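Working notes for the structure below.
The values are calculated or read from the model by the stated rules, or taken from the named source; none is laboratory data. Just so it is clear, the model here is predicted, and its values are computed rather than measured. Here the Cβ is made from the backbone with ideal geometry for all residues, glycine too, and neighbour counts use every protein chain on show.
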Amino acid sequence: MARILRKREEIRDWVIARGGAPMLEDLPDGSHEQTLLQLTFGQHALNADNNEGPDPITGYSLVSWDEWFAALDKQKLALKVNDDVPGALDNSYEFVER
């Protein structure tokens, strides 16, 4: 079963528990700049700053939690996550409207 995380502390705790980090990408869409929200987990978080290792992520930048939450609030989004299965941490998520 899924649940919706709206509070900053809940979201940050959920992401950090899975070894994740906040990321943003600014994309021009013709009339203004659109900010894409993303979370990255495990090795991808390390590679995001061009550290050694396979599968570097391009286009996105690791950002502070304050910056990421500002973008989340501006877009009026929340984080939909799956309930954890005993013995495993699921890092599947999607952004949903508040």
Selection within region 63-98 - closer than 15 Å to G20 by Cβ, surrounded by fewer than 12 Cβ atoms within 10 Å (Cβ to Cβ) and among the acidic types (D, E): D90, E94
Answer with yes or no whether A48 is at pLDDT below 90, small (G, A, S) and either surrounded by fewer than 17 Cβ atoms within 10 Å (Cβ to Cβ) or out of contact with any helix residue (DSSP H, G or I) (no Cβ under 7 Å at 6 or more places or on another chain) (or both). yes
Near pairs, Cβ below 7 angstrom, 6+ apart or cross-chain, from region 79-98 (touching a residue at least 12 places away in the same chain (Cβ under 8 Å) and in a strand (DSSP E or B)) to any residue that is surrounded by 11 or more Cβ atoms within 10 Å (Cβ to Cβ) and of a type in the set (S, T, Y): L79/Y93; K80/Y93; V81/Y93
